[in-house]
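To keep things clear, I will list the structure first and then write my remarks on it.
The values are calculated or read from the model by the stated rules, or taken from the named source; none is laboratory data. Everything quoted here is computed from the prediction, not taken from an experiment. Here Cβ is always computed from backbone atoms with ideal geometry, including for glycine, and neighbour counts include all displayed protein chains.
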């Protein structure tokens, strides 16, 4: 079992206030500024919960796909994944678009896409985000 932590402070109202992701347990990053504008408008050098979700989802997906390919005895040389999280004020997260490009010797395009679909459905972050109405995947061997 592993538990991960983050510490955030916020001052003021949602619209004009601001916050800071002060630290994470690993010490890997922080402090990071966050505001409503960085979430709903332009980032202006600040992050948002959705940006952090995109990073977490892309990383988790890569790990799951890498594992699935290795289990099928076709380990990946390289996987490049991006995640785009769409946030609609008043509604929430409406879509996540995953895109992966993989260099995987010995695997067919069909097998790669099948492994990518399995990773999209089964990585822990995908499961945690199951309430998102649409999670798409674009998978391509390069």
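Under 7 Å by Cβ, and 6 or more places apart or on different chains, what pairs join a residue from the range 73-84 that is assigned by TED's automatic domain parsing to the domain that holds residue 95 with one that is loosely packed, with under 14 Cβ neighbours inside 10 Å and part of a strand (DSSP E or B)? The qualifying pairs are 76/103; 77/103; 78/103. Checking the range 51-59 against the condition returns no match, with no residue being more than 11 Å from the chain's Cα centre (by Cα) and either surrounded by 15 or more Cβ atoms within 10 Å (Cβ to Cβ) or not in a helix (DSSP H, G or I) (or both). Of the set (1) touching a helix residue (DSSP H, G or I) at 6+ places or on another chain (Cβ under 7 Å); (2) loosely packed, with under 14 Cβ neighbours inside 10 Å, all apply to residue 106 but (1). Residues that are outside any helix (DSSP H, G or I) and surrounded by 14 or more Cβ atoms within 10 Å (Cβ to Cβ) occur at least once in the range 10-19.
Within the range 33-45, the set of residues being in contact with a strand residue (DSSP E or B) (Cβ under 6 Å, 6 or more places away or on another chain) and either surrounded by fewer than 18 Cβ atoms within 10 Å (Cβ to Cβ) or closer than 24 Å to residue 126 by Cβ (or both) comprises 33, 34. Scanning the range 114-142 for residues that are touching a strand residue (DSSP E or B) at 6+ places or on another chain (Cβ under 8 Å) and either touching a residue at least 60 places away in the same chain (Cβ under 8 Å) or part of a strand (DSSP E or B) (or both) yields 126, 129, 135, 136, 137, 138, 139, 140, 141.
Name the single residue, out of those in the range 70-103 being touching a strand residue (DSSP E or B) at 6+ places or on another chain (Cβ under 8 Å) and not in a strand (DSSP E or B), that is surrounded by the fewest Cβ atoms within 10 Å (Cβ to Cβ). Out of the qualifying residues, it is 77. Against the test of being more than 16 Å from the chain's Cα centre (by Cα) and assigned by TED's automatic domain parsing to the domain that holds residue 136, the options 90, 27 yield a single qualifying residue, 90.
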